[in-house]
Structure formats: structure tokens, C-alpha cells
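The values are calculated or read from the model by the stated rules, or taken from the named source; none is laboratory data. Everything numeric in this text was worked out from a predicted model, so none of it was measured. Ideal geometry is used to build each Cβ from the backbone, glycine not excepted, and the neighbour counts take in all protein chains shown. Just the protein is used for accessible areas: all its heavy atoms, side chains included, with ligands, DNA and RNA removed. Shrake-Rupley method; radii C 1.70, N 1.55, O 1.52, S 1.80 Å.
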Amino acid sequence: MTRIGIIVGSTRPGRRGTAVARWVEQATLGHTVVTTGQASVEVVDLAAQALPLLDEPVPAMFTDYRNPHTRRWSAVISSFDAFVFVTPEYNHSLPAALKNAIDFLYFEWGDKAAGLVSYGVQGGLRASDHLRLVMAEVRAAVVPTQVSLSVFTDFDFSDFDASDPTAAGVLRPGAGQEQDLTTMLAEVSAWSHALRGLRAADPGMGANGSAGLEPDLATERAG
Ligand SMILES: Cc1cc2nc3c(=O)[nH]c(=O)nc-3n(C[C@H](O)[C@H](O)[C@H](O)COP(=O)(O)O)c2cc1C
């Protein structure tokens, strides 16, 4: 069975991220990949993980983790076969909290499929573009179909004070968003399945902590 983790990429009090993640979770629970028993789903909230700013002395590709919070985070991410990232756009990119959480690990993301659900004033597209590049670096395979929600057209503010900057609104995804999500989830499941052989052949956690990379490349990356 494919275990899909929905990563909530924002940590801000009053964030819209939790509503978006709930929508993704509900759609996944109703998707054939789950109803036919091929996949299961779990939400991973970065706010609950409470990771500090990266405080590991050794780069993650050596898997020489010194801190209990890193080992805990490694165990969480290792337990999944695939991910859906729920990310807002912050200043033209993904939130620092999400980038930091990714940087803590390396092989735990590798040879796994990922789908992107972004949101923002302009659909969070710059965040998802940047996240694609980041995930390529940690050897994840991001599927082509993605969901892009607009704060203006996919959230309803009719019961909120329009001048209140903390008003989260109510998530009401527009026509076509659910279909894109359904397609994306099918791709995540299929790609995760296709990558299973690679994950089995290269579990990534070697005895010296640098398995999966040639020694020269591991040293170069660490430098
Ligand atoms: C620090 C910050 C920077 C933002 N920068 C952008 C941006 O560059 N582009 C954009 O479309 N929206 C931007 N926004 C709007 C957010 O995408 C929108 O408020 C979203 O709901 C934030 O996610 P969250 O509610 O989960 O924190 C920004 C919001 C914050 C808090």
C-alpha cells in the first residue's frame, strides 16, 4: 500500500493551509486510490513538528543526525511513499518553514512521488515552481498535474470583514480544481508505484550514511 503524506507547508497562526490540507485529505480519502485499498493518507503539519532552524552540523546526505528532532522528522518522512505538498506563496517562493523542513533530510525524500497544491494571490505558482526545483535536488519526482488555488476566487469572504488582514475566508474551490486534484492524486499514486523498485534497490540509508552517492559526490555536496 502507498502511504501518502500531506505536508502542510505553512505554520502561521490563522493560516489558510490547514483548510487547504483538509480539502486535499477529504479528496484523497474519497479517491479510488484509497477506496480500492491501494493507498492510505495522513496529514503532516509542520507547525506540530516544531522543527528549529536547521541545526545539524553534518549535511543531510550523510545521514549523520545529531539531534532527536531530526531523527524524529526522518522517521516521519521515511514512513511515507509519496507526498502532497500544500504550500502558499510567500514573497515569490515557498515558506521558509517548508524549505527548512526539506533541508533537514535528504534520502528520505528520494525516489518518491510528490504532488503540489499551491495557493496565494496569484495561485501560489511561483512557490510551486520553486518547490519543483527543490524537490528535484532531493531526488523526488514531482508529477506534472498540480492544483493552484487563488485567495481571491477559491476562497469566500462574504461573511468576513474585507478590511481585516487576518480574515482567512472559507475555502470554496472553483470549477475544475477538484478534477485537477483527482488527476494529480492518480499521478502521485501511479508514479509512487513505478518508483517502488528504485526505493527497494536503493533504500538510501547506508552504513556510512552516504549511500546512494559516490564518495566524491557526497564530499563535493558536503563542501
Ligand atoms: C509573508 C507573506 C508573504 C506573501 N507573499 C506573497 C506573494 O509573494 N505572492 C502571493 O501571491 N501571495 C503572497 N502572500 C499571500 C499568501 O499567499 C496568502 O496570504 C496565503 O493564505 C498564505 O498562506 P497561509 O495562510 O497558509 O499562511 C504572502 C503572505 C505572507 C504571510
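Here are a few things to note about the model shown:
- Residues within region 66-92 that are buried (at least 18 other Cβ atoms within 10 Å of the Cβ), among the hydroxyl-bearing types (Ser, Thr, Tyr) and over 19 Å from LEU181 (Cβ atoms), tallied: 3
- Scanning region 1-56 for residues that are aliphatic (A, V, I, L, M) and in a strand (DSSP E or B) gives ILE4, ILE6, ILE7, VAL8, ALA39, VAL41, VAL43, VAL44.
- Failed criterion for GLY123 (all others in (1) on the phi > 0 side of the Ramachandran plot; (2) in a helix (DSSP H, G or I) hold): (2)
- The residues of region 93-107 that are open to solvent by less than 30 Å² (accessible area, probe 1.4 Å), within 15 Å of the ligand (Cβ to nearest atom) and part of a helix (DSSP H, G or I), listed by number, are LEU98, ASN100, ALA101.
- Test: residue in region 1-24 that is more than 16 Å from GLU178 (Cβ to Cβ) and modelled with pLDDT under 95: yes
- Among residues that are open to solvent by 30 Å² or more (accessible area, probe 1.4 Å), under 18 Å from VAL20 (Cβ atoms), within 16 Å of the ligand (Cβ to nearest atom) and free of Cβ contacts under 8 Å to residues at least 24 places away in the same chain, ALA48 is included.
- MET205 being of a type outside the set (Val, Ile, Thr) and at pLDDT below 90: yes
- Enumeration of residues in region 6-45 that are within 16 Å of the ligand (Cβ to nearest atom) and among the polar types (S, T, N, Q): SER10, THR11, THR18
- Applying the criterion of being more than 16 Å from the ligand (Cβ to nearest atom) and small (Gly, Ala, Ser) to the residues of region 108-121, the residue that is surrounded by the most Cβ atoms within 10 Å (Cβ to Cβ) is GLY115.
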